Amino acid sequence: MRSMHRFLVSAAHKSSGKTTLSLGLAAALRQRGLAVQTFKKGPDYIDPIWLGAASGRPCRNLDFYLQPQAAIIDSFTRHAGAADVALVEGNKGLYDGLDLTGGNSNAALAALLDLPVVLALDARGMTRGIAPLILGYQAFDRGIRIAGVILNRLGGTRHEAKLRAVIEHYTDVPVLGAILENPALSIAERHLGLMPANETATAEARIAAIAAIIAAQVDIDRLLRLTLADPLPPAPASISTPAATATPPLRLGIARDAAFGFYYADDLEALERAGAELVPFSPIADPALPAVDALFLGGGFPECFMHELEVNQRMRDSVRRAIAAGLPAYAECGGLMYLARSIVWRGEKRAMAGVIEADVLMHEKPVGRGYVRLAPTAAHPWPPAAGLYPDGIPAHEFHYSSLENIGPATRFAYEVRRGHGADGAHDGIVWRNLLASYAHLRNGGDDGWAARFVNFARAHSVATSAATSPQAKPV
């Protein structure tokens, strides 16, 4: 087994430029011919899309709230072990987390996975004050190894020289790079964060430009020397490949285009292991649903493409008829919005699929944001095993919209114990064989949502085939 490089990119606080730095490093390392595996801490879809595009392989999310520690270790070992470099981008600051003890912080993840930390510091307006900041981060937890700092958003070469002199005089932390303030490093943002790479026509060119700047202003050779580590133990091969099945694969239509792209790579792989064949389709561009046995409409930005979605009436009609006929379907956030009657944003109203008896209203500020806990109700079409989640199913939500004019007979799959959901108390609208929720699930364990949904859809497909077969018809 060969040695590898692995490290966590963190910061003193959020919005320090660590995402741009991470994707620039990933792309620059890839350009050197290294196999780069990226990871993102916490619940996030947009940053991983960019990181995956930069590295050339799917980014993986690591999340203390949504995954047990064993699953985090397994995912990191399995995917990092197949690469030359493992780059983990943190969220928020190095020591920030949900609890007082920091048990789910970036530092806790670095400790769990034995990762040295590369600290990205937004140094605007700082000179001598950068030394106590670095010393404090070292002293706060001696178990965390800060391999080096990368100074970001510098005002010029004089500013850089002053900071380097201060850090060298007062600390023993290497300065691995100094990045000057540069508009070319910015990525367009919208209400949920960065513009997703899956809908940015110039994403590859933008990543290449960022990589060139990072490669010129960061000492990548020194970074690699300081993050060289022993090889990781091999991961079980059975987990990384789809399981063999004696039955034909279940054709699962998955919405994938500029409006819908929020999917976790490990969830898609879990669907395949459960026996699903993923069949992508575009609610924007395709004239109708492909021949499928079930649907998965993930999150995204349907509000930004509501005109295009409305114009494609043939697709909207196709989706509505299929679900009305009993086609098993699962939708998360953006998918739920598309299935509603309409979306209203900035004074404009556009018709959607009309499956769900509700209208979507966009707001300027988040309606639901963060981690949630969901208690399944009797209406859930494919619930987890009884007693599996005594505190509720862990999930997350991040939506700027609310559901208005919800039908009085609407059934919900969840009671919300933490979070907002569809109405502040419930989430997971159930109609026929549809479950549509603002909450995003993460697959985990033997009773993960992916296998439960596929099994539910397969049972429906088998029952439907039996009912329509010639042998089932009376003579």
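The values are calculated or read from the model by the stated rules, or taken from the named source; none is laboratory data. No experiment lies behind these values; they were computed from the predicted model shown. Cβ sites come from the backbone with ideal geometry, for glycine too, and all protein chains shown count toward neighbours.
Things worth noting here:
- Cross-chain or 6+ apart pairs with Cβ under 8 Å, segment 8-30 first and more than 20 Å from A184 (Cβ to Cβ), then basic (K, R) and assigned to a helix (DSSP H, G or I): S10/K18; A11/K18
- One residue alone among L51, L62 is within 22 Å of V149 (Cα to Cα) and touching a helix residue (DSSP H, G or I) at 6+ places or on another chain (Cβ under 7 Å), and that residue is L51.
- Hits in segment 351-408 (condition: free of Cβ contacts under 8 Å to residues at least 24 places away in the same chain and among the small types (G, A, S)): A378, A386, G387
- Odd one out for G335 among (1) in contact (Cβ under 8 Å) with a residue 12 or more places away in the chain; (2) within 28 Å of T464 (Cα to Cα); (3) surrounded by fewer than 18 Cβ atoms within 10 Å (Cβ to Cβ): (3)
- Unique residue being assigned to a strand (DSSP E or B), touching a helix residue (DSSP H, G or I) at 6+ places or on another chain (Cβ under 9 Å) and of a type in the set (S, T, Y) when the list is S10, S22, S75: S10
- Only residues that are modelled with pLDDT of 95 or more and in contact with a Gly (Cβ under 9 Å, 6 or more places away or on another chain) were counted in segment 67-77, giving 0.
- Of residues in segment 21-44 being among the aliphatic types (A, V, I, L, M) and surrounded by fewer than 20 Cβ atoms within 10 Å (Cβ to Cβ), the one nearest to S105 (Cα to Cα): A35
- Condition broken by A358, with the remaining ones in (1) within 25 Å of G392 (Cβ to Cβ); (2) under 25 Å from the mean Cα position of the chain (by Cα); (3) buried (at least 18 other Cβ atoms within 10 Å of the Cβ) satisfied: (2)
- Here G33 meets each of (1) over 27 Å from R369 (Cβ atoms); (2) in contact (Cβ under 8 Å) with a residue 12 or more places away in the chain with one exception, condition (2).
- Selection over segment 84-97 of residues that are part of a loop (DSSP other than H, G, I, E, B) and touching a Phe, Trp or Tyr at 6+ places or on another chain (Cβ under 7 Å) gives a count of 2.
- Top-ranked residue of segment 385-407 - restricted to ones that are within 26 Å of E303 (Cβ to Cβ) and either among the charged types (D, E, K, R) or modelled with pLDDT under 95 (or both), ranked as surrounded by the most Cβ atoms within 10 Å (Cβ to Cβ): E397
- Of the listed requirements (1) over 25 Å from R432 (Cα atoms); (2) in contact with a strand residue (DSSP E or B) (Cβ under 6 Å, 6 or more places away or on another chain), S401 misses just one: (1).
- Considering residues of segment 167-202 that are assigned to a helix (DSSP H, G or I) and buried (at least 19 other Cβ atoms within 10 Å of the Cβ) only, the residue modelled with the highest pLDDT: I167
- When K18 is tested against (1) modelled with pLDDT of 95 or more; (2) surrounded by 23 or more Cβ atoms within 10 Å (Cβ to Cβ), just one condition goes unmet, and that condition is (1).
- Matching residues, segment 376-405, being within 15 Å of L66 (Cα to Cα) and of a type in the set (G, A, S): G392, A395
- Any hit, segment 112-119, residues being touching a strand residue (DSSP E or B) at 6+ places or on another chain (Cβ under 9 Å), surrounded by fewer than 20 Cβ atoms within 10 Å (Cβ to Cβ), among the charged types (D, E, K, R) and at positive phi: yes
- Of the candidates A35, A27, the single residue that is among the hydrophobic types (A, V, I, L, M, F, W, C), at pLDDT 95 or above and either over 14 Å from A211 (Cα atoms) or under 14 Å from the mean Cα position of the chain (by Cα) (or both) is A35.
- Matching option when the condition is at pLDDT 95 or above and either crowded, with 18+ Cβ neighbours inside 10 Å or farther than 16 Å from A329 by Cβ (or both), among N443, N433: N433
- Of all residues in segment 115-136, those that are of a type in the set (K, R) have Cβ atoms under 8 Å from Cβ atoms of residues that are assigned to a loop (DSSP other than H, G, I, E, B), 6 or more apart or on another chain, in R124/G155; R124/E181.
- Scanning segment 399-429 for residues that are closer than 17 Å to Y338 by Cβ and hydrophobic (A, V, I, L, M, F, W, C) gives L403, I406, A422, I429.
- Some residue of segment 427-448 being over 24 Å from A385 (Cα atoms) and not assigned by TED's automatic domain parsing to the domain that holds I46: no
- Any hit, segment 100-116, residues being assigned to a strand (DSSP E or B) and under 25 Å from the mean Cα position of the chain (by Cα): no
- Within segment 301-359, helices (runs of 4 or more DSSP H) holding 1 or more residues that are closer than 19 Å to I406 by Cβ: 313-324, 334-339
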